[in-house]
Every structure is written in structure tokens, then in C-alpha cells.
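Notes follow the structure.
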Amino acid sequence: MKTPYIKHLALAGAATLAAFAQDAAAQCPNDDALEENDTCGAAVVVTSGTTSNLVIYGAANAGGIDNDYYVVQGVPDGSAIQIDILFTDDNGDIDATMWDDNACSSQVDGSGSTSDNERLEDINNSGGALDYYFQVRAYSGDSDFDCNDYSLVISVVDDPCTNPIVDSFEDNDACGTAASLAAGAHSGLWVSDADADYYTISVAAGDILTVDALYPTVVGGDVDLRLYDDLACTNEVDADTPTDGSTDVTWTNATGAAATVVLLAEVAAGDGCNTYNLNVALVPDPCLQPGQDDSFEDNDDCLSAVPITSGFNQTGLFVHKNDQDYYSFSMADGATVTIDMLFDDDTSDLDIRLYDAASIGLGTCGSDSFGDWVATSTSTDDDEQIIYTNTSGSTMTYYLRCYAWDSTSNAGDCNNYDLMVSINGVDPATVFCEGDGTADTGGGPIACPCGNESAVGAGEGCNSSLGFGAVLTAAGTNVVANDDMVFTMTQGRPNQPSLLVQGASLTGLPFKDGVFCAGNPTERLEVVFLDANGAGSTTVSIVTEGNLSPGDTRYYQQWYRDPGGVSPCGSGSNFTQGLIVTWM
């Protein structure tokens, strides 16, 4: 509500008085051209159509309250009148009353909402023409109401209930006598509270059906739509019961076969009748077209989850609200997984939930009940993320559920997404075959060839001429598809050659100055020249050179020269400790 301008002017500086005066004049101009229409007896005649630039004053105006009266003459018997008073409530609330006599004593309608605009309406069933008088007034409970402007929109139309229309689809008054309705526009239809309309519509597999109804609000009842996916009209799949002159229902045929639905158009009991137009649209649902799914299907539940590992990074995945996606991965105790699902929420909102292996046995994997999942991300914005640490005390298998939020407010039924999974705190390889005398590949502890064991727990190979053993480490992931594994040797003899060896089985043999544990069949993967610090890394594709496939377990060591007759056992070469890699 605007504060009276006189209060503002009293507080304004001289420099702003002119601006306030202009604002006041714009908000509270001189009265409109239809004055003086301040009483029922002085009501001004108005006709169908729009009348603008009208002004009304309230209690805070210096001249006092100034209500407006109008009359619409000669509304025929059987016709309806609708009067809309359009204004902005922020400038002052307006109310209205309508009578069907010239003394303004026989009220037929009134409107006193607390928001923008008011509406008056009535149907003339008197048997003769009527003059309708109405008042537009400032809300009496607002002592700060200064002034407001408004427009009138007046409509006079025939009452469709007086002269019912028998449209071309009658008699379609029951579910069992529904008339066939084709796609496209259908006009000049009629429905009453005693004569509902039923239609059957054929919907091809994978199509979206949308039916829009338009009807006049100036007269008659609101036209409601209901949609059923069975010919007995028992299973309602959508409904719309608005009051704004437009209604729509929609249904997606995800049955996999052509289907017939039944549309009901009705007017609520006691609301009379109305005319209406229908528009029926059938378009293919992009979420249900053949070949729309991704290459990981069918991964529709926990038992059919696709195994993935750290480093999984896949774009262009697809999920539908009726076809969820599941993935599984293992994570060691203490490791932390970061899961990022990237998508555009405007297409459809997607969510993710994480379940542990125990949920399979309990039958709760995939459940939405609180406590059945271990982590979740269900925002209503773009993208989702889960960061979760395994604190179970042992290696655990987890199941990731990716799904479209199934809600009537959701933007759509399906969406594309990118998925990235990264597990930190777990090395891609496991150390074995240490040169500290503790190595055991099944036949008991293995000593170095000449008592040249490295320090227990150092994780090195047998001691070289440098007085300590060499170390082999792995970086990257153990994912065949990623092919990003790099082996690095450190603590070797500077500026000497070395050879990365891969074995397919375990062995345990003192050999040269070290212990060799990468058993047959063995592969020589790459010669690596060590730098001045005795370090060097592989550059070749380990997957290609090692002929690797998911599920393979392989054993790796680096064999390096230790020349000059000074190596502990005099053989001139040695081995790092070993690494075990299980490829995914």
C-alpha cells in the first residue's frame, strides 16, 4: 500500500519536492472523464469491451472517498455478464459489488479479494432483459488508501445452458459409449454437469499424448479433464481441474505397445454447462525411442550392476525414470570415494544413492527408505556428488544407483549424464616379495642370495652396492580401459639400465643379487634407463605390452644393473621388491 504523499513531502528536501509532486500527480491524477458517477443514481452507462484510464480515491485522499458506479443496460435473457476490474493491488486494494436493479438493492455478486483484479458475473434467467449496476470502490479497511487507477473489461455472451449444443460426438455420455477422437483441433463442443463427454484416443508405443481444453470463463462451469489408461475408466493417470479457462492432461505410453486411453470432459455438479474446444497432440517421447539407452544396459538393479573401478569416467550415459542404472565397485577400509554425476537439471532432475554389500542380503539395495542407503545426493540443481569413506573395517563392495526423480514437477522423464568415480587412499598395486628376508610366496621366508637383506619393513628389494635396496612404485589406475598405469623405480644405481618384468604366477627364487618372484609366463615390458639419481619411469602402454584383460592378476619387478664388481653377491645385477596388480 502506498503511503500518502503528503507524509513524504513533509520529509522531503527542497530539491526533491518537484519530483515528489510529479510522482503524486502520476499516481493520483485528476478524476477520470466518467465523473461524477459517485452514486447508484448517477451510474454511467458502459458497454461490452474495455474501458481504461479510470481512477478511484480512498480515505487518505484530501478530497475523501470517491467510489464509482456503472450500469450495463439490456443484458438479454439467457445471457451471461462478466466484468473484470483490472488493477495493481500494490497501489491500493479495490473491491466491487453488482446488483440487478436500479436502486442497487438486489445484490447478485460481489468481489473482495486481497490480490490484483476483481471479477463480477451473473447469468440473466429472469425471462427478460436486465440492467446490471455495479460499484467499484476503495477497500474500506485501508485508511492509507490514497488513489488507484483501473480498467474495466466487460463481456456479455449467451448462456450455453439455455440453448444446449449437440456436438458431432454425441451420445458419448458414458465410458462405454466413448467416441473416437483423432489428433488435432476439435471446436464447438458442449458439456454439462448432467451430460459428461467421453472420448477414446489411440496412442502409439513411445508417444506422448497431450490434450488441451479451452473454455470461456465468462459463463458456465469450469471444464475439467480426466484421463484413464483402461477402457473401464478405473485407472486415472492424469487430471486437471483449474478455474482459468484452460486445462490439460498428458500421458506417456511406456507400455511397449499401442494403447487406447479414455478422456473425460466434465463440469462439476451444480456448475451448469459450458462450451469448449479440444486440441489433441501426439508426439514421440525422446526418452522411449529405440536405441536410446547406453552401452552399459541392462544394469537396472543391484544384482545386474556394472562393475567399475577408480578412475571410471564415462560421458553420454542415459537414464529414464522407468529404467534406473546401477554400478558396483570395491573399496578398501579407510579409502574414500568421490562420485560426480553431471547433468542439466532443466532436462530432468537426476539423483544418486550409495548402498553397501550388506543391503543385497537384506533386500534393501535400491530402497528409498532412510537408513537403507549409506550416502545420497538428491539436490534440485544441476549435478550431484557423493563423498564417502569406508569405515567398515574391511574391503567392502558398494552399489551406486543413478535415477531420474519421478515427480509430476520434474522437468522430464529422462536425461543424459556423465559419471566420474575416484577412490583415494588405496594404491593400485600391493607390495610383495620384499628383500628383507620376510618374503614368502608359499614355500616359507626367502633370504637374499648372500645375506644382503634390506631393513625389515623398508619395502625394498635386497641391498645393492649402495647399501640399500631399490623400490618399485605404481601410479595411475588398475583399470584396463584407462591404460594409465606408470611404474617408477627409485634407489637404483645411477645411470644404469633396468628392465620391467611382468609375471603371470608367483615364484620365489634367489637370483643374481636379489629375489625373483614374477613367475611364468613372464613378459619383458620395457627397458628403462635410470637417471643420475637412480630413478626412472615407464613410458609404454602397460596394458598393450602386458597383453592385459580385466580380471588378470600380474606380478611386477624391475631388474637393474649393479656393475663394477662391487655388488654384494658379485653378480652385477639386482631386483626391486615386487608389486601385485589385479586389473579391472
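Every number in this text was worked out from the coordinates using simple rules, so none of it is lab data. None of the values given here were measured: they were computed from a predicted structure. Reconstructed Cβ throughout: ideal geometry from the backbone, glycine too, with neighbour counts over all protein chains shown.
Structure summary
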{"item": "Two-site FRET efficiency, THR376 against THR210, from Cβ-Cβ distance with R₀ of 41 Å, rounded to 0.05", "result": "0.80"}
{"item": "Lys, Arg +1 and Asp, Glu -1 on Cβ, resulting dipole of region 430-582 about Cα centre, debye, nearest 20", "result": "260"}
{"item": "Euclidean distance between Cα centres, region 231-294 to region 538-571, Å", "result": "68"}
{"item": "Sum of side-chain charges, ALA504 neighbourhood, beta-carbon under 10 Å (Lys, Arg +1; Asp, Glu -1)", "result": "-1"}
{"item": "Additional length obtainable on full extension of the chain from GLN496 to ASP244, 0.36 nm per residue less Cα span", "result": "82.2 nm"}
{"item": "Additional length obtainable on full extension of the chain from VAL540 to LEU342, 0.36 nm per residue less Cα span", "result": "68.1 nm"}
{"item": "SER330, SER541 arranged by Cβ crowding within 10 Å, fewest neighbours leading", "result": "SER541, SER330"}
{"item": "Charge dipole magnitude, Cβ of K and R +1, D and E -1 - region 302-424, Cα centre, debye nearest 20", "result": "600"}
{"item": "Virtual spin-label span in nm between SER115 and LEU303, 7 Å along Cα→Cβ", "result": "5.1"}
{"item": "Alpha carbon centroid spacing (whole Å) that separates region 142-172 from region 372-401", "result": "56"}
{"item": "Net lengthening on full extension, THR430/ALA281 (0.36 nm per residue, minus Cα-Cα)", "result": "47.5 nm"}
{"item": "Nearest-0.05 FRET efficiency for ASP142 and ALA269, computed from C-beta distance (R0 30 Å)", "result": "0.20"}
{"item": "Tail weight of P(r) past 19 Å, computed on alpha-carbon pairs of region 302-424, percent", "result": "44"}
{"item": "Dimensionless Rg over Rh [the chain; C-alpha; Kirkwood]", "result": "1.28"}
{"item": "Which of LEU225, LEU500, GLY78, positive extreme of dipole for the chain (C-beta unit charges)", "result": "LEU500"}
